[in-house]
1. Long-range amide H contacts for V58: which residues qualify at under 5 Å (H placed 1.01 Å from N, peptide plane, sequence gap of 5 or more or a different chain)?
2. Restricting to the range 10-86, compute how many DSSP beta bridges are antiparallel as a %, nearest 5.
3. Quick one: length gained pulling T68 to T7 fully straight, 0.36 nm per residue minus the C-alpha distance?
4. At 15 angstrom or more along the helix axis (alpha-carbon based) and mean Kyte-Doolittle of -1.0 or higher, what helices does the chain contain? Whole DSSP H runs only.
5. Can you count the Lys pairs in the chain with C-alpha separation below 15 Å, eight or more apart or on different chains?
Amino acid sequence: MATDELTGKVVLVTGAAMGNGLGIARVVAQHGAKVALADISPKLPDTVAALKLDGFDVFGVKMDVADTASVTAAVKAVIDRLRHHRR
């Protein structure tokens with residue numbers, strides 16, 4: 001059941017291309033959040049496309065949580081994207 005508990009919020013979900021991360025991303029999207037799906041998996045673009053087809057407000061960002069520089073770059077990319085879309 002979809003609710004709007006998270007409307008206006010942004011959630012960054014790691015490991016979001018599949019498994020538990022995908023499940024978490026789907027649930028927070030169902031509750032109204034804009035979701036940044038982060039993963040290093042080559043499946044990420046397909047996951048983003050599938051969730052968009054389901055009507056969710058999502059986008060993907062490449063992130064390797066084992067690499068500090070990758071995490072920093074991904075978070076910056078999410079912030080930059082959100083700033084750009086709010087104008």
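Here, each number is a calculation from the coordinates, and none is a lab measurement. The structure displayed is predicted, hence computed values, not measured ones.
1. V35
2. Numbers: 0 of 10 bridges.
If I count the DSSP bridges inside the range 10-86, around 0 percent turn out antiparallel.
3. Value of the extension gain: 19.0 nm.
4. Values: long enough: 19-30 (17 Å, 0.63); 68-86 (27 Å, -0.07).
Helices meeting the criterion: 19-30, 68-86.
5. Working: K9/K34; K34/K52; K43/K52; K43/K62; K62/K76.
Summing the qualifying lysine pairs gives 5.
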